[in-house]
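Report on one structure; see the data block that follows.
The numbers here are math on the coordinates, done by the rules we state, and not lab data. Here the structure is a predicted model, which is why all the values come from computation and not from measurement. Counting neighbours? That spans all protein chains shown, and the Cβs are built from the backbone with ideal geometry, glycine included.
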Amino acid sequence: MTGKKENSHNRKIKRSLSGRILKNTILNILVLVIVCCVFMMLAMQFLANNILLDNIQPMARQSAKTVEANIHLLADRMMTIAKDLRMNSVFKTNEVLKEAAEIYELHTIALYDLNGHLIQGIDGAPENLENNFFTLLQETDNLTTDSSTIFHEELGITMGMPIKEDGETVFYVVGVYKYDLLDDVISNINIGENGLAYMANRQGIVIGHPDQSMILEKSTLAQLSGGNTETLSRVITGETGALEYSINGEDMLVAFSPIRGTQWSLVIQIPKEDYDHFINSAMYVAILSTLVILLVSIFLVLRLARSISRPVKGVTNRMIALSDGDLHTEVITVRTRDELEVMTRTLSTTVESINKYISDIQRVLTQIAENNLSIKPEVDYKGDFTLIKTSLHTIIQSMNETISGFRSAAIRLADISEELSGQSGQLHQASLEQNQSTEALVQEVSHVKEQLYNVTESSSQTHIKTEEIVQCVHEANIRVASLSETMDDISKNAQEITKIAKTIEDIAYQTSILALNASVEAARAGSAGKGFVVVANEVKQLASRSAEAAKSAVEMAGSTKAIIQTGVELTADTAGSFKAISNVTDQISAISDQLVTAVQGQEDALAIMEERIEIISSIADKNLQNAGEMEQSSGLMSKEAEILQSQVEKFVLKGESNK
């Protein structure tokens with residue numbers, strides 16, 4: 001419950017979508033308005049500058065053309081004066097000069113020779129022409145206007161014209177027009193409240209200005225332009241253009257254009273402040289309009305945000321309910337013919353699809369829980385949900401294969417447990433028989449051991465008797481009289497030897513039988529009886545040697561008996577016979593020694609055999625115990641196999657009918 005409360009708290013809507021849309025939209029619009037206003041201010045400033053520069057540049061060209069027209073008018077007058085035929089007559093030149101001065105408003109006019117010396121003039125004409133002006137007049141050999149407008153501390157326009165005769169220059173007429181002509185043109189150029197127009201020559205000296213004192217003081221273009229070198233260089237070179245620069249912190253717009261036919265350039269200079277109020281007014285109007293549009297936009301955005309946030313809020317609440325496991329609440333669709341309608345319809349379809357998928361999965365899992373593995377999904381899964389269908393198929397198929405494998409394993413386990421139970425019973429019976437055989441073998445070995453002890457005693461007696469025979473043979477030389485009696489004793493001893501040999505032969509036969517039985521039991525014992533097989537073989541070989549020794553003893557006893565009989569019959573050959581008997585007794589002594597040695601070896605072998613039999617007996621006891629435990633385990637395994645088989649049989653696999 002605590003986790004659900006925390007989850008619900010985490011999914012609680014802290015901010016409405018309409019508020020976020022409105023906030024972000026207003027913020028974006030404000031940023032956009034500010035950026036647009038700044039951009040608009042800069043653009044309007046830039047545009048105004050470009051417009052003003054583009055406008056004052058034609059104005060400068062047009063004003064320059066006006067000056068050119070006036071200069072051409074003055075030039076036409078000078079040409080008229082120069083072409084007056086009276087100028088070729090010295091007597092009538094003065095008359096022409098006076099008429100021209102009165103008609104054309106000249107300060108002065110004079111006639112000069114080819115060296116620039118005054119020939120005839122009026123009203124204080126200079127004696128000699130200024131060098132630069134005269135040089136230019138000679139070079140052009142045509143109408144020439146002086147670059148300076150100062151004449152005798154007054155303002156005027158100095159113009160010169162060659163007078164030709166037969167195509168050759170003979171005189172120069174030079175007149176100084178009054179400055180009013182230029183002053184009228186410059187004063188009539190109206191450019192803002194504080195704008196002005198002035199002229200400068202190629203040396204950068206002001207030769208025309210509304211303030212005539214500037215001309216008389218020979219102010220320079222560098223002074224008027226605030227030292228702007230670009231303007232100075234372009235005006236001096238006679239270019240046409242427009243610039244913006246600052247003079248004493250005040251922005252200025254400047255346009256300039258050369259005046260053709262002269263060495264002058266017309267310059268128009270306008271402070272930007274004269275037009276800033278127009279720009280500022282336009283900007284204020286634009287900003288106010290933008291604010292009004294902003295308010296209208298905010299209102300429209302608010303309406304749009306509400307129309308969007310309401311369906312989105314409904315979809316959000318439905319998604320929250322869906323995340324809480326609510327699959328039955330109906331999704332309210334909207335008809336907006338846009339993404340919202342698609343989103344609500346898609347959510348409704350998604351909920352329906354999830355309901356179908358979950359119902360189908362629940363049905364499949366319920367059937368699986370009821371041990372029915374032949375079930376399969378029936379709903380058509382779409383898109384990535386096909387992975388669920390594939391997983392269900394895989395799970396069912398895997399469980400079918402697993403249960404089928406369990407069935408086969410249970411059947412095999414039951415068969416194996418039955419077979420193991422039978423084998424464990426047989427093993428227990430065999431172990432029991434092996435234990436009984438081992439006990440019988442121990443008894444037989446004990447019996448053989450007792451018989452070997454008797455053989456040892458007999459062998460000792462035989463050895464004693466043999467010594468007595470030897471003694472008797474030695475004494476026979478002196479006891480010839482008692483030969484017959486001694487022969488009788490020897491015959492009796494021979495019979496005893498024969499009996500002993502028979503006994504040894506019987507013991508050897510029983511030992512051989514015992515070794516045979518031990519070999520059979522060792523073969524039954526398998527790997528545990530391999531050591532006992534070796535012992536049995538040794539006992540068998542010992543029994544064989546004992547039998548051979550007994551046989552030899554019987555044969556020797558027979559020979560002894562025959563010799564005794566021959567001794568009895570041939571007493572004449574007593575000495576030779578006693579010698580033969582002595583030899584025979586030596587052989588019997590050797591045979592007795594061999595028999596004792598063989599019996600001792602059999603005793604040692606029986607001791608080893610007894611130890612080995614004890615080991616075999618302990619192994620047999622363990623085998624018997626293990627066989628009993630195995631029989632119990634196989635019984636338990638058989639019961640577990642039956643239980644497993646009964647549990648597996650509860651499942652219904654594919655291809656099987658429901659029970």
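Exposure proxy check: Thr316, Thr108 ranked by fewest other beta carbons within 10 Å?
Thr316, Thr108
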Relative intensity, log₁₀ I(q)/I(0), of the stretch 42-277 from a Debye sum that treats every alpha carbon as a point, q = 0.08, 0.10, 0.11 Å⁻¹: -0.34, -0.50, -0.59
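Any of Lys23/Lys382; Lys92/Lys218; Lys83/Lys218; Lys540/Lys622; Lys499/Lys540; Lys65/Lys92 with alpha carbons more than 31 Å apart? Name them for me. List each step's numbers first, then the result.
On the way: Lys23/Lys382 40 Å; Lys92/Lys218 38 Å; Lys83/Lys218 35 Å; Lys540/Lys622 28 Å; Lys499/Lys540 22 Å; Lys65/Lys92 36 Å.
Those over the limit are Lys23/Lys382; Lys92/Lys218; Lys83/Lys218; Lys65/Lys92.
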Place a point 7 Å from Cα of Lys356 in the direction of its Cβ. Which residues in the stretch 389-407 have their backbone N less than 14 Å from it? 389
FRET E, pair Gln565, Asp593, Förster distance 25 Å, beta-carbon r, rounded to 0.05: 0.40
Between Asp274 and Thr229, what FRET efficiency comes out of the Förster formula 1/(1 + (r/R0)^6) with R0 = 25 Å and r the beta carbon distance, rounded to 0.05? 0.50
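Can you sort Leu106, Leu304, Leu347 from fewest to most other Cβ atoms within 10 Å of each residue's own Cβ? Display every interim value, and only then the final one.
Details: Leu106 24, Leu304 15, Leu347 18.
In order of increasing Cβ crowding within 10 Å: Leu304, Leu347, Leu106.
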What ranking of Glu450, Glu239 emerges when the number of other C-beta atoms within 10 Å of each C-beta is taken as an exposure proxy, fewest first? Glu450, Glu239
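So what's the net charge close to Gly124: Lys and Arg +1, Asp and Glu -1, counting the other residues with Cβ under 13 Å from its Cβ? Intermediate results must be reported in sequence, preceding the final value.
Working: positive: none; negative: Asp123, Glu127, Glu153, Glu154.
Local net charge: -4.
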Along the Cα→Cβ direction, 7 angstrom out, place labels at Asp180 and Gln45. What is the inter-label distance in nm? 4.6
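Could you give the length gained by full extension between Met283 and His474, i.e. 0.36 nm per residue of separation minus their alpha carbon distance, to one decimal place? Kindly include the intermediate steps, with their values, before the conclusion.
Working: separation 191, 0.36 × 191 = 68.76 nm, distance 17.18 nm.
Value of the extension gain: 51.6 nm.
For Gln541 and Ile395, what is the calculated FRET efficiency with R₀ set at 60 Å and r taken between the beta-carbons, to the nearest 0.05? Don't skip to the end; give the middle numbers.
On the way: r = 73 Å, r/R0 = 1.22.
E(calc), rounded to 0.05, equals 0.25.
Expected output is a single nm value to one decimal: the length gained when fully extending between Asn88 and Glu139, i.e. 0.36 nm times separation in residues minus the C-alpha distance. What is it?
Numbers: separation 51, 0.36 × 51 = 18.36 nm, distance 2.23 nm.
Full-extension gain reported as 16.1 nm.
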